[in-house]
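This report concerns only the one structure given below.
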Amino acid sequence: MNHAKKVQAVDGLEPGEQVLSALFVRPSGGTAQVVGGAAGGLVGAGIAGLMGRRKRQAAGDENAAATVEGNATKLRVTAPGYVALTDRRWLVLNQAPMSGKPKEIVATLAHQDVSAIAFEKGALVGSASVRCADGSVEPLELPRGNPVEEFASAANSVGCTATVA
(Lines give C-alpha, C1' and ligand atoms only; values in the text may rest on other atoms or scores of the structure.)
Protein backbone atom coordinates (compact mmCIF):
# COMPACT_ATOMS: atom_id res chain seq x y z
CA MET A 1 0.00 0.00 0.00
CA ASN A 2 1.41 3.40 -0.92
CA HIS A 3 0.69 5.51 2.14
CA ALA A 4 3.10 8.23 0.97
CA LYS A 5 1.00 8.90 -2.12
CA LYS A 6 -2.12 9.26 0.04
CA VAL A 7 -0.35 11.68 2.41
CA GLN A 8 0.99 13.73 -0.52
CA ALA A 9 -2.63 14.58 -1.40
CA VAL A 10 -3.48 16.01 2.05
CA ASP A 11 -3.91 19.76 2.51
CA GLY A 12 -1.34 21.39 4.78
CA LEU A 13 1.88 20.44 3.07
CA GLU A 14 4.21 23.34 2.36
CA PRO A 15 4.63 24.35 -1.30
CA GLY A 16 7.04 21.91 -2.95
CA GLU A 17 7.19 19.62 0.11
CA GLN A 18 7.63 15.97 -0.87
CA VAL A 19 6.51 12.98 1.19
CA LEU A 20 9.39 10.48 1.34
CA SER A 21 7.54 7.69 3.14
CA ALA A 22 4.54 7.13 5.42
CA LEU A 23 3.34 4.50 7.88
CA PHE A 24 -0.13 3.55 9.01
CA VAL A 25 0.04 3.45 12.81
CA ARG A 26 -2.10 2.63 15.80
CA PRO A 27 -1.66 3.84 19.37
CA SER A 28 0.65 1.65 21.41
CA GLY A 29 -1.56 -1.14 22.74
CA GLY A 30 -4.16 -0.48 20.03
CA THR A 31 -4.44 -4.09 18.95
CA ALA A 32 -4.77 -5.19 22.58
CA GLN A 33 -7.47 -2.58 23.03
CA VAL A 34 -9.47 -4.01 20.13
CA VAL A 35 -9.05 -7.54 21.47
CA GLY A 36 -9.54 -6.42 25.07
CA GLY A 37 -12.64 -4.41 24.17
CA ALA A 38 -14.21 -7.55 22.83
CA ALA A 39 -13.16 -9.33 26.01
CA GLY A 40 -14.57 -6.88 28.51
CA GLY A 41 -14.91 -3.13 27.93
CA LEU A 42 -13.28 -1.29 30.83
CA VAL A 43 -11.14 -4.27 31.79
CA GLY A 44 -9.85 -4.55 28.23
CA ALA A 45 -9.18 -0.80 28.05
CA GLY A 46 -7.28 -0.97 31.35
CA ILE A 47 -5.13 -3.83 30.08
CA ALA A 48 -4.42 -1.94 26.85
CA GLY A 49 -3.37 1.17 28.80
CA LEU A 50 -1.02 -0.90 30.94
CA MET A 51 0.50 -2.52 27.84
CA GLY A 52 1.09 0.92 26.30
CA ARG A 53 2.91 2.11 29.43
CA ARG A 54 5.01 -1.08 29.47
CA LYS A 55 5.98 -0.57 25.81
CA ARG A 56 7.08 3.01 26.57
CA GLN A 57 9.13 1.73 29.54
CA ALA A 58 10.70 -1.01 27.40
CA ALA A 59 11.57 1.63 24.81
CA GLY A 60 13.65 3.43 27.43
CA ASP A 61 11.12 5.95 28.65
CA GLU A 62 11.63 6.07 32.42
CA ASN A 63 8.66 8.46 32.79
CA ALA A 64 6.17 6.10 31.12
CA ALA A 65 3.96 5.83 34.19
CA ALA A 66 3.57 9.61 34.28
CA THR A 67 2.73 12.05 31.53
CA VAL A 68 5.65 11.98 29.13
CA GLU A 69 6.96 15.44 28.40
CA GLY A 70 9.08 16.28 25.39
CA ASN A 71 8.95 16.23 21.63
CA ALA A 72 7.95 12.56 21.44
CA THR A 73 4.48 13.46 22.72
CA LYS A 74 3.90 15.24 19.40
CA LEU A 75 4.15 11.82 17.72
CA ARG A 76 1.58 10.25 20.02
CA VAL A 77 -1.42 8.89 18.18
CA THR A 78 -4.64 8.38 20.10
CA ALA A 79 -6.48 6.71 17.23
CA PRO A 80 -5.35 4.97 14.04
CA GLY A 81 -3.58 7.41 11.73
CA TYR A 82 -0.36 8.05 9.84
CA VAL A 83 3.20 9.11 10.58
CA ALA A 84 4.90 10.53 7.52
CA LEU A 85 8.39 11.74 6.74
CA THR A 86 8.83 14.55 4.22
CA ASP A 87 11.92 16.20 2.85
CA ARG A 88 11.36 18.93 5.49
CA ARG A 89 9.75 17.43 8.62
CA TRP A 90 7.90 14.60 10.38
CA LEU A 91 4.09 14.64 10.24
CA VAL A 92 1.31 13.01 12.24
CA LEU A 93 -2.02 12.76 10.44
CA ASN A 94 -5.39 11.57 11.61
CA GLN A 95 -7.45 9.11 9.59
CA ALA A 96 -10.79 9.82 7.91
CA PRO A 97 -13.29 7.50 9.61
CA MET A 98 -15.11 6.27 6.52
CA SER A 99 -12.37 6.05 3.89
CA GLY A 100 -9.37 5.31 6.11
CA LYS A 101 -7.31 7.85 4.15
CA PRO A 102 -5.12 10.47 5.82
CA LYS A 103 -7.38 13.40 6.70
CA GLU A 104 -5.32 16.27 8.15
CA ILE A 105 -1.97 17.07 9.70
CA VAL A 106 -2.34 17.19 13.49
CA ALA A 107 1.32 17.55 14.54
CA THR A 108 4.75 18.20 13.06
CA LEU A 109 8.36 17.81 14.19
CA ALA A 110 11.54 19.14 12.59
CA HIS A 111 14.04 16.54 11.37
CA GLN A 112 16.61 17.63 13.97
CA ASP A 113 14.08 16.90 16.77
CA VAL A 114 14.03 13.15 15.99
CA SER A 115 17.28 11.28 16.59
CA ALA A 116 16.35 7.61 16.04
CA ILE A 117 13.63 5.16 15.11
CA ALA A 118 13.89 1.43 15.77
CA PHE A 119 11.52 -0.99 14.07
CA GLU A 120 10.63 -4.49 15.22
CA LYS A 121 8.72 -6.72 12.86
CA GLY A 122 6.02 -8.96 14.28
CA ALA A 123 3.96 -11.71 12.73
CA LEU A 124 0.79 -9.60 12.68
CA VAL A 125 1.76 -6.35 14.37
CA GLY A 126 5.14 -4.67 14.40
CA SER A 127 6.34 -1.77 16.47
CA ALA A 128 8.48 1.31 16.21
CA SER A 129 10.16 3.22 18.97
CA VAL A 130 10.84 6.87 18.11
CA ARG A 131 13.52 8.62 20.17
CA CYS A 132 13.71 12.40 20.07
CA ALA A 133 16.79 14.56 20.57
CA ASP A 134 15.46 15.67 23.98
CA GLY A 135 15.50 12.01 25.17
CA SER A 136 11.75 11.45 25.06
CA VAL A 137 10.48 8.23 23.45
CA GLU A 138 7.20 7.30 21.79
CA PRO A 139 6.25 3.71 20.84
CA LEU A 140 4.00 3.12 17.85
CA GLU A 141 2.15 0.03 16.72
CA LEU A 142 2.51 -0.89 13.04
CA PRO A 143 -0.03 -3.20 11.45
CA ARG A 144 1.36 -5.67 8.94
CA GLY A 145 1.97 -4.37 5.41
CA ASN A 146 3.73 -1.12 6.29
CA PRO A 147 6.77 -0.11 4.18
CA VAL A 148 9.17 -0.34 7.13
CA GLU A 149 12.39 -0.66 5.10
CA GLU A 150 11.39 2.25 2.85
CA PHE A 151 10.61 4.44 5.87
CA ALA A 152 13.90 3.46 7.56
CA SER A 153 15.83 4.39 4.42
CA ALA A 154 14.03 7.74 4.21
CA ALA A 155 14.71 8.41 7.90
CA ASN A 156 18.42 7.64 7.44
CA SER A 157 18.50 10.01 4.44
CA VAL A 158 17.36 12.95 6.62
CA GLY A 159 19.81 12.29 9.43
CA CYS A 160 17.74 10.07 11.73
CA THR A 161 19.30 6.75 12.74
CA ALA A 162 16.89 4.01 11.70
CA THR A 163 17.18 0.29 12.45
CA VAL A 164 15.01 -2.66 11.48
CA ALA A 165 15.08 -5.89 13.49
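The values are calculated or read from the model by the stated rules, or taken from the named source; none is laboratory data. The structure displayed is predicted, hence computed values, not measured ones. Note: ideal-geometry Cβ built from the backbone for every residue, glycine included; neighbour counts use all protein chains shown.
Which residue out of Arg131, Arg144 is free of Cβ contacts under 8 Å to residues at least 24 places away in the same chain and within 15 Å of the chain's Cα centre (by Cα)?
Arg144
Considering only region 70-86, state which residues are assigned to a strand (DSSP E or B) and among the hydrophobic types (A, V, I, L, M, F, W, C).
Within region 70-86, Val83, Ala84, Leu85 meet the criteria.
Please determine, by comparing only the residues of region 121-151 that are of a type in the set (Asp, Glu) and closer than 18 Å to Val77 by Cα, which one is modelled with the highest pLDDT.
By that ranking, first place goes to Glu141.
Please enumerate the residues belonging to region 121-165 that are over 22 Å from Arg88 (Cα atoms) and in contact with a Gly (Cβ under 6 Å, 6 or more places away or on another chain).
Glu141, Leu142
Scanning for something modelled with pLDDT of 75 or more and among the hydrophobic types (A, V, I, L, M, F, W, C), does region 26-43 turn up at least one residue?
No, there is no match, as no residue in region 26-43 is modelled with pLDDT of 75 or more and among the hydrophobic types (A, V, I, L, M, F, W, C).
Within region 74-91, can one find any residue that is of a type outside the set (Asp, Glu), in contact with a Gly (Cβ under 7 Å, 6 or more places away or on another chain) and surrounded by 21 or more Cβ atoms within 10 Å (Cβ to Cβ)?
No - not one qualifying residue is present in region 74-91.
Within region 119-153, can you find the residues that are of a type in the set (A, V, I, L, M), buried (at least 17 other Cβ atoms within 10 Å of the Cβ) and in a strand (DSSP E or B)?
Ala128, Val130, Val137, Leu140, Leu142
Does region 7-15 include one or more residues that are part of a helix (DSSP H, G or I), farther than 13 Å from Val130 by Cα and at pLDDT 70 or above?
yes
Tell me, which residue of region 96-113 that is outside any loop (DSSP other than H, G, I, E, B) and free of Cβ contacts under 8 Å to residues at least 40 places away in the same chain is nearest to Val158 (Cα to Cα)?
Residue satisfying both the conditions and the ranking: Ala110.
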